[in-house]
1. Would you pick out the residues in the range 106-116 that are within 11 Å of the ligand (Cβ to nearest atom) and surrounded by fewer than 19 Cβ atoms within 10 Å (Cβ to Cβ)?
2. Out of 42, 49, which single residue is within 26 Å of residue 92 (Cα to Cα) and in a helix (DSSP H, G or I)?
3. Looking at (1) surrounded by fewer than 20 Cβ atoms within 10 Å (Cβ to Cβ); (2) within 15 Å of the ligand (Cβ to nearest atom), find the lone condition where residue 67 falls short.
4. Enumerate the helices (runs of 4 or more DSSP H) found wholly within the range 94-190, keeping only those where 2 or more residues are over 25 Å from residue 41 (Cα atoms), modelled with pLDDT of 95 or more and out of contact with any strand residue (DSSP E or B) (no Cβ under 8 Å at 6 or more places or on another chain).
5. May I ask you to say which residue of 162, 147 is surrounded by fewer than 14 Cβ atoms within 10 Å (Cβ to Cβ) and either over 24 Å from residue 97 (Cα atoms) or within 16 Å of the ligand (Cβ to nearest atom) (or both)?
6. Residue by residue through the range 86-109, note down the ones that are farther than 23 Å from residue 152 by Cβ and in contact (Cβ under 8 Å) with a residue 24 or more places away in the chain.
7. Quick one: residue 91 ticks every box in (1) away from the ligand (no atom under 16 Å from the Cβ); (2) crowded, with 18+ Cβ neighbours inside 10 Å; (3) assigned to a helix (DSSP H, G or I) except a single one, so which number is it?
8. Looking for something surrounded by 17 or more Cβ atoms within 10 Å (Cβ to Cβ), touching a residue at least 24 places away in the same chain (Cβ under 8 Å), more than 21 Å from residue 38 (Cβ to Cβ) and within 16 Å of the ligand (Cβ to nearest atom) - is there at least one such residue anywhere in the range 121-133?
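The values are calculated or read from the model by the stated rules, or taken from the named source; none is laboratory data. This is a predicted model, so every value here is computed, not measured. All Cβ positions, even for glycine, are placed from backbone atoms using ideal geometry, and neighbour counts span all protein chains on display.
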Ligand SMILES: [Zn+2]
């Protein structure tokens with residue numbers, strides 16, 4: 001069984017189609033070099049991240065389009081297979097590859113009807129714990145699981161590392177699966193752990 005699962009895992013990774021990342025820096029020629037770096041990093045990481053985030057309804061993404069927009073004033077966002085990055089931000093932050101990984105996770109998520117804290121927490125989880133290999137600091141008593149981003153990423157990592165697997169899969173697999181199928185509900189926590197998500201959060205705050 002284990003060997004079979006390992007073979008399935010390897011064949012999934014082997015089959016995961018490569019993505020092509022097209023970067024449009026026509027409105028900011030000085031970002032061309034950064035654009036090439038983003039293209040290579042995202043193309044290199046897509047197979048592994050889409051493998052980690054696999055669920056049965058995942059649809060491989062053949063192309064991701066990135067556009068650097070001089071009129072966009074925040075950092076970046078993703079919509080479908082398109083990522084928009086703010087020219088002003090990336091001019092100042094050319095180490096900002098991690099934020100593009102976060103956006104690519106949104107492209108891979110294909111979530112429907114999912115609370116923002118789950119979506120943003122997962123995007124930062126894959127960014128920090130899988131791509132940057134960085135440990136975030138423990139949330140404070142002012143935080144809670146619905147903060148999203150790094151706070152929720154810390155929580156998800158703790159759950160992945162400390163809570164039992166269900167049918168051989170991490171809780172993160174089941175959350176990804178339900179969110180992608182448009183079925184995520186907080187009742188998943190009580191169903192799998194007989195604890196509410198708030199109780200799992202409190203357990204993490206005591207034990208982490
Ligand atoms: Zn995001």
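1. Passing the criteria: only 116.
2. Values: 49 fails: within 26 Å of residue 92 (Cα to Cα).
Residue meeting the stated conditions: 42.
3. (2)
4. Numbers: elements: 97-109, 116-125, 149-162, 171-180.
Answer list for the range 94-190: 116-125, 149-162, 171-180.
5. Values: 147 fails: surrounded by fewer than 14 Cβ atoms within 10 Å (Cβ to Cβ).
Of 162, 147, the one residue that is surrounded by fewer than 14 Cβ atoms within 10 Å (Cβ to Cβ) and either over 24 Å from residue 97 (Cα atoms) or within 16 Å of the ligand (Cβ to nearest atom) (or both) is 162.
6. 87, 90, 91, 94
7. Tallying (1) away from the ligand (no atom under 16 Å from the Cβ); (2) crowded, with 18+ Cβ neighbours inside 10 Å; (3) assigned to a helix (DSSP H, G or I), residue 91 fails exactly one: (2).
8. yes
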